[in-house]
1. List the number of the failed condition for S101; all other conditions in (1) buried (at least 16 other Cβ atoms within 10 Å of the Cβ); (2) over 23 Å from the mean Cα position of the chain (by Cα); (3) at negative phi hold.
2. Tell me yes or no: at least one residue of the range 193-200 is open to solvent by 30 Å² or more (accessible area, probe 1.4 Å), closer than 26 Å to E336 by Cα and at pLDDT 95 or above.
3. Of the residues that sit in the range 134-163 and are of a type in the set (A, V, I, L, M) and touching a strand residue (DSSP E or B) at 6+ places or on another chain (Cβ under 9 Å), which one is surrounded by the fewest Cβ atoms within 10 Å (Cβ to Cβ)?
4. What number of residues within the range 102-143 satisfy the criterion of being hydrophobic (A, V, I, L, M, F, W, C) and within 29 Å of K161 (Cα to Cα)?
5. Since K419 meets every condition but one in (1) out of contact with any Phe, Trp or Tyr (no Cβ under 6 Å at 6 or more places or on another chain); (2) surrounded by 13 or more Cβ atoms within 10 Å (Cβ to Cβ); (3) closer than 18 Å to S165 by Cβ; (4) among the charged types (D, E, K, R), which condition does it not meet?
6. Might you let me know whether the range 319-341 holds any residue that is in contact with a strand residue (DSSP E or B) (Cβ under 7 Å, 6 or more places away or on another chain), open to solvent by less than 30 Å² (accessible area, probe 1.4 Å) and at pLDDT 50 or above?
Amino acid sequence: MSIKKRVAALATAAVMAASLAGCSDTSYVMKADGDTINAGIYLDYMFSAMQQQIYIWQYTGVTDNFFDQKVGEKDFATYLLDTAMDQTKHYAAVEKLFKESGLKISSEDMKEINGSISDSWESISELYESEGISKDSMKKVYVNGKKEEMLFDYYYGEGGKEAVSKDDLVKYMNENYLRYKGITIYKSSNEDEAAKEAEDKANQELFEKYKEKAEGVSFADFDALIHEYDEETTETEEEDTGADTGSDTDDSSEAGDDSSNADESSSADESSEVEDSSSSEEDSSSETEESSSEVETFEAGEEDSSAVDEEGDVIDLSGEDGEDTEIADVEDAEEEDPYEHERLLNYSTLTEDTLSQDYGKMLTEIKNGEVDSIITYESESAYYIISKGDVSQRTDYLDDETNFDTVLHEAKDDDFDGKINTALEGMKISVNQEAVDRYTPKTVYDRYEDYIEENNKSASA
């Protein structure tokens with residue numbers, strides 16, 4: 001072949017290679033109104049959903065064969081694909097609404113975000129990079145979350161376009177919340193059949209005794225009955241430490257060659273939406289330890305999944321809003337908490353799955369009961385004696401900023417999602433199917449497993 005023909009052939013091959021490379025660009029997963037969304041953002045959402053669901057399964061005893069499991073009616077892989085795509089589209093809609101609103105992230109907020117990113121990246125960089133998730137994509141997800149938070153306040157916060165008043169939230173709570181407190185008498189878990197039978201007989205007698213004592217007792221006076229039960233069961237245990245009173249508590253409360261270009265696209269210019277910012281590594285965290293008692297106490301606060309065991313039964317809850325109520329000093333010890341034993345819960349947010357379990361069935365009994373009435377309920381693991389209170393008497397609950405924000409979101413999240421969906425319907429979305437086909441849920445999982453295996457080898461070396 002002549003030199004001219006060889007040069008021509010090489011040139012043609014180069015053009016074809018460039019063309020093919022252009023057709024298989026998997027550094028982005030979507031274009032929304034012309035804006036490119038990095039594949040790393042999509043992968044971030046998929047990886048987070050994968051970790052969260054696996055954690056839930058492991059908590060209930062499922063430790064392997066995850067892709068043989070289902071989440072609702074979807075197999076695990078389909079669930080992850082749909083979740084990642086839906087969240088990426090949600091991301092795009094938030095970006096659009098934020099730009100249209102004229103809002104800007106303050107330099108102080110950006111400083112906090114940069115600090116959080118820097119702190120987190122130190123410990124997760126190898127894992128995220130093995131998944132094809134860059135620090136830039138991780139930051140975009142963080143910033144988008146802040147934009148969504150600001151948008152919500154833009155509509156429904158104080159001075160917002162559709163501001164919600166305290167009176168509005170009081171009405172919402174009266175229509176949707178339950179207020180209650182109660183005593184739980186756990187059935188025996190003794191493996192010895194004879195001992196179990198004896199203990200359950202004693203537990204049933206205790207239940208019948210306090211069920212009778214509770215008749216006619218008002219919600220306000222029910223605390224005294226709780227204290228009486230607590231004292232009696234404590235004394236019984238002190239007299240015979242070998243006996244099971246049935247009041248057990250349960251404290252629960254890759255690097256690969258095809259991952260390198262998931263984030264090749266450059267960072268978008270956010271200067272039009274963000275004030276001057278600088279990086280910082282300021283971050284703080286705090287932990288609250290949970291406490292348990294002989295009495296099942298129902299405290300003010302929203303439902304927490306840690307309050308339900310594998311069978312859906314209620315386990316010990318303690319503290320206003322689920323927080324530790326341990327008294328820090330003598331001065332605090334002198335102050336009694338008027339809501340020490342009660343709990344506030346939004347019944348309208350419970351799922352059908354929860355309502356079908358013992359926990360949900362018990363809450364339905366409370367919902368259908370009258371204020372100041374006594375509701376009794378028996379599950380496979382315990383007896384419950386419950387007093388129902390008047391939600392309208394707890395307007396002070398909304399004086400706390402955190403509680404106010406929680407109830408506001410419960411009342412308006414569906415409306416806000418409607419705005420997001422409306423914005424999304426008006427957008428031109430084009431999905432890069434080649435990227436979707438490349439970054440499959442199984443690929444994400446396998447890279448995670450490879451990373452864990454490599455780290456275990458390094459640790460044992």
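1. Checking S101 against (1) buried (at least 16 other Cβ atoms within 10 Å of the Cβ); (2) over 23 Å from the mean Cα position of the chain (by Cα); (3) at negative phi, the one that fails is (1).
2. No.
3. Once the filter is applied, the top-ranked residue is M150.
4. Adding up the residues that qualify gives 6.
5. Unmet for K419, out of (1) out of contact with any Phe, Trp or Tyr (no Cβ under 6 Å at 6 or more places or on another chain); (2) surrounded by 13 or more Cβ atoms within 10 Å (Cβ to Cβ); (3) closer than 18 Å to S165 by Cβ; (4) among the charged types (D, E, K, R): (3).
6. Looking for residues that are in contact with a strand residue (DSSP E or B) (Cβ under 7 Å, 6 or more places away or on another chain), open to solvent by less than 30 Å² (accessible area, probe 1.4 Å) and at pLDDT 50 or above, one finds at least one in the range 319-341, hence yes.
Rundown of residues vs (1) open to solvent by less than 50 Å² (accessible area, probe 1.4 Å); (2) under 25 Å from the mean Cα position of the chain (by Cα), yes/no style:
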site: T354; (1), (2): yes, yes
site: E370; (1), (2): no, no
site: E380; (1), (2): no, no
site: G389; (1), (2): yes, no
site: L398; (1), (2): yes, yes
site: F404; (1), (2): no, yes
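Residue-wise test of (1) out of contact with any helix residue (DSSP H, G or I) (no Cβ under 6 Å at 6 or more places or on another chain); (2) within 30 Å of V170 (Cα to Cα).
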{"site": "D415", "(1), (2)": "yes, yes"}
{"site": "T422", "(1), (2)": "yes, yes"}
{"site": "A435", "(1), (2)": "no, no"}
{"site": "R438", "(1), (2)": "yes, no"}
{"site": "T443", "(1), (2)": "yes, no"}
{"site": "R447", "(1), (2)": "no, no"}
{"site": "S458", "(1), (2)": "yes, no"}
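The values are calculated or read from the model by the stated rules, or taken from the named source; none is laboratory data. The structure presented is a predicted model; accordingly, all values stated were derived computationally and were not measured. A quick note on method: Cβ atoms are made from the backbone with ideal geometry, for glycine too, and the neighbour counts reach across all protein chains shown. For accessibility, only protein heavy atoms count, side chains too; no ligands or nucleic acids. Shrake-Rupley method; radii C 1.70, N 1.55, O 1.52, S 1.80 Å.
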